[in-house]
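Nothing in this text is a laboratory measurement; each read-out follows from the coordinates by a stated rule. For clarity, every value in this text was computed on a predicted model and none was experimentally measured. Quick reminder, even Gly has a Cβ in these numbers, built from the backbone with ideal geometry, and neighbours come from all protein chains shown.
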Amino acid sequence: MTVNDTTITPQQVLDLARRLAPEQRRWLISTIQEELDEDLPEHATIDEAIELYLADRCSLARAAELARITQWELKRILAERGTPARALNDYASVEELDEQANAAWARIDGR
């Protein structure tokens, strides 16, 4: 048996993922998301969800989902507590979020 100690960077993983067929990319995305979600509870209190979000264990949208509130409600709560949402998750509207998602899928599917 041969052991390979090659280190693969996240950029290399991304480059390899871009070479996959669209169906394989969707599988990869789904599988990675499942792996990331495995450590998360099914539901959380607002305080627990905020802790997970601030610890970078989940996105703002996922934290809101865990707390069973909208991401805009979670943003408001964060702002009230003096902790604004990070710009990466700062969508002005559902339409903007949809545009971002469509653009991401277009890049993945090569549309």
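Work out the length of the dipole vector of the chain about its Cα centre, built from +1 on the beta-carbon of each Lys and Arg and -1 on the beta-carbon of each Asp and Glu, and round it to the nearest 20 debye. Kindly include the intermediate steps, with their values, before the conclusion.
Values: 13 positive and 22 negative charges, 82 e Å.
Dipole about the Cα centre, nearest 20: 400 debye.
Can you compute the helix-only [θ] at 222 nm over the chain? Use -39500 (n - 2.57) per DSSP H run of at least 4 residues, normalise by all residues, nearest 500 deg cm²/dmol. Each step should come with its number before you reach the end.
Values: 6 runs with 68 residues, N = 111.
Roughly -18500 deg cm²/dmol at 222 nm, from the helical runs in the chain.
For residue 59, what charge total do you get from the other residues with a beta carbon under 10 Å from its beta carbon, if Lys and Arg give +1 and Asp and Glu give -1?
Details: positive: 57, 62, 86; negative: 56, 65.
Spelling it out: positives minus negatives among the neighbours equals +1.
Sorted by packing (mean other beta-carbon atoms within 10 Å per residue), highest first, where do 58-66, 98-106, 4-12 land? Let's see the in-between values first.
Working: 58-66: 20.0, 98-106: 11.3, 4-12: 6.7.
Descending packing order for the listed peptides: 58-66, 98-106, 4-12.
Starting at the first residue of the stretch 22-34, write each ³J(HN,Hα) from the Karplus equation 6.51 cos²θ - 1.76 cosθ + 1.60 with θ = phi - 60°, in whole Hz, x for Gly and Pro.
The phi angles translate into x, 5, 5, 5, 4, 4, 4, 4, 4, 5, 5, 4, 4 Hz.
Work out the charge dipole of the chain with +1 on the Cβ of Lys and Arg and -1 on the Cβ of Asp and Glu about the Cα centre, then indicate which of 41, 77, 100 is farthest towards its positive end.
So the residue we want is 100.
Cβ under 12 Å from residue 73's Cβ, residue 73 left aside: what net charge do those residues give with Lys, Arg +1 and Asp, Glu -1?
Numbers: positive: 68, 75, 76; negative: 65, 80.
Result for the local shell: +1.
Between residue 95 and residue 7, what's the calculated FRET efficiency when r is the beta-carbon distance and R0 is 30 Å? Round to 0.05. Please report the intermediate quantities before stating the final value.
Working: r = 41 Å, r/R0 = 1.37.
With a Förster radius of 30 Å, E is 0.15.
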